Amino acid sequence: MGVFKRACLYISRKKARSFLLFLIMLLMGLFMLVGVLIRSSAAKAAEDVRKSITTGVVFQLTDISGDSIYQLVPNEEGEMVRTLKVPLLTRSKLKEILQIDGVQGYYTQMGHETLYTGLDVHPGGYSNSPDTLAENGTDAEGQSEEDAYNFDVYSHVNGFYLVDEGKWHPFFINGALELVEGRNIEAEDSGKAVISEELARRNGLGIGDAIESRNFDFVTGECFGNSFRSEIIGIFKINFQQDLSEWTSEDAILANAIFVDREMRYWAQSEFNKHINRQVLAKESYETLDNLTVFVEDPLMLDSVKEKILAIDGVDWSYYDFKEYDHDYKVAAGPLNMMVTLSTILIAAMAIGLLIVLSLILTMWIRGRKREIGILSSLGIKKQAILAQFILESCLVAVAAFLLAGVLAKPVTGVMGNGLAKSVNATIGDQPYEVKNDNLTEIQVNKVPTEQVALKYDLMPGTIVLVFFVMLLVTMISVSISYLRISGQRPRDILKGE
């Protein structure tokens, strides 16, 4: 009698055992298929999200003392100017970076200024302070003249965002802000500004008008130094409703934000140094880029673009840290990546669980077949043939279980996948963006998901073959481990039950 016939005979005679083995393999195979389907669907959706969101690579100057990289020397006019002691990334190198294949644009973080403008701004914490004090039981009329003056100054300030190429600022990149009139800030601009629709409406401002801004003492509220004049060249709208509290200061409100060119940077530093009697340095002939984000066309090109940038001569890259600009992607695809992780755990757990459970069950069953093993051995049937019979028995059951699992996989995946998606998307809100105020004044606007991504659970041939192969492999390993535990005994010893 051949191996296949003996295997079929044993399955038909031991119906209870075979059915129990069938149920175990059905559940294991079904959950592995479900896990693979959820994982592949979520991974594909996450990749689609990645392609729809701008990504890049960030080069950030490490935290190092200025004395280590700069020195002061007199220029031709006798003014002190800061020069580089080490080769850092400067604007001249930026041109080489922008010529690299795949580079779309760049954003360089140049800081944030809080300046007094006297404009009618969206009310914030300082505008509301008298009312807030009254609500908390404090007599606003009892404030000193200095306090009242401070509140008045702080309630007419704006947050100024210094940009090089305004269209590449993160707020415009992720769609939180959208230019509706005029144009955005460009690298060659000097004394230009882009303001919000609300700020323009409140103050009757339009393209071609100017904004006068001044430094002020954050303690006394007193303005000092010369003013800075910025011509309005563009107006933007806000594509979401910012969540404001009674403590949100005016300069942290997006409707009061003003985007200006980098010319303001030197002015603000110079005016402040004059105010505190610190030496005013001459304007540098170069410009270091302490924080540069390079945006790429395709996320898959990030590594190659980074390698080409690092290959540029004349920059000591050991002074820089590198990271991916992918926060919007991580937030938007967060639930999908969580589903990928959980489904991966499910797949691994099912495979390991199948191996453990089958090993335990088959070990007990094979021990109960010692007499059969002994008889077959005494008839001259080799150990390999007996093992092949046992493996074939389990594999035949596994095939039947897997066929049914394949039929049930898609509907079960739909139910489990939707349930898992709801649980990982529990934090989805109504607004497409969230505003964070990590450093008190300069705000961050991050894109967040507002709806659950619809997943398609398609059972692909490759998926079926992969799971079936894993299931058969685990089954063969389990049977082999169980059989080898007793196969070393002689047929006579096996028949005696020793």
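Tabulated values for the structure
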{"quantity": "Amide H contacts under 5 Å for G234, placed H, 5+ residues apart", "calculated": "R183, A193, I195"}
{"quantity": "Proxy reagent accessibility, fewest Cβ within 10 Å first, across L177, L23", "calculated": "L23, L177"}
{"quantity": "The chain: radius of gyration over Cα atoms, expressed as a fraction of 2.2 N^0.38 Å", "calculated": "1.50"}
{"quantity": "Pair I477, K323: separation of 7 Å Cα→Cβ label points (nm)", "calculated": "3.8"}
{"quantity": "Selection from Q269, F295, L254, by position along the positive dipole direction of segment 55-325 (Cβ)", "calculated": "F295"}
{"quantity": "The chain: relative contact order as a whole-number percent, Cα under 8 Å and 6+ apart", "calculated": "28"}
{"quantity": "Overall Cα dimensions of segment 55-325 - principal axes, largest extent first, Å", "calculated": "64, 46, 37"}
{"quantity": "Pairs of alpha carbons in segment 285-342 whose separation is greater than 18 Å (percent)", "calculated": "51"}
{"quantity": "Contour excess over end-to-end distance, with Cα ends at L20 and F4 and 0.36 nm allotted per residue", "calculated": "3.7 nm"}
{"quantity": "Charged-residue dipole, Cβ positions (Lys, Arg, Asp, Glu), segment 55-325 about Cα centre, Debye nearest 20", "calculated": "840"}
{"quantity": "When each of K237/K447; K14/K410; K85/K167; K85/K308 is checked by Cα-Cα distance, pairs over 21 Å", "calculated": "K14/K410; K85/K167; K85/K308"}
{"quantity": "Fewest-first ranking of M80, M110, M339, using other Cβ atoms within 10 Å as the exposure measure", "calculated": "M80, M110, M339"}
{"quantity": "Partners for K274 among lysines (Cα-Cα distance below 23 Å; same-chain residues under 8 apart left out)", "calculated": "K283"}
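Only the coordinates and a few stated rules stand behind these numbers; no lab work does. Keep in mind that this is a model prediction, so the values were computed, not measured. Backbone-built Cβ (ideal geometry, glycine too); neighbour counts: all protein chains shown.
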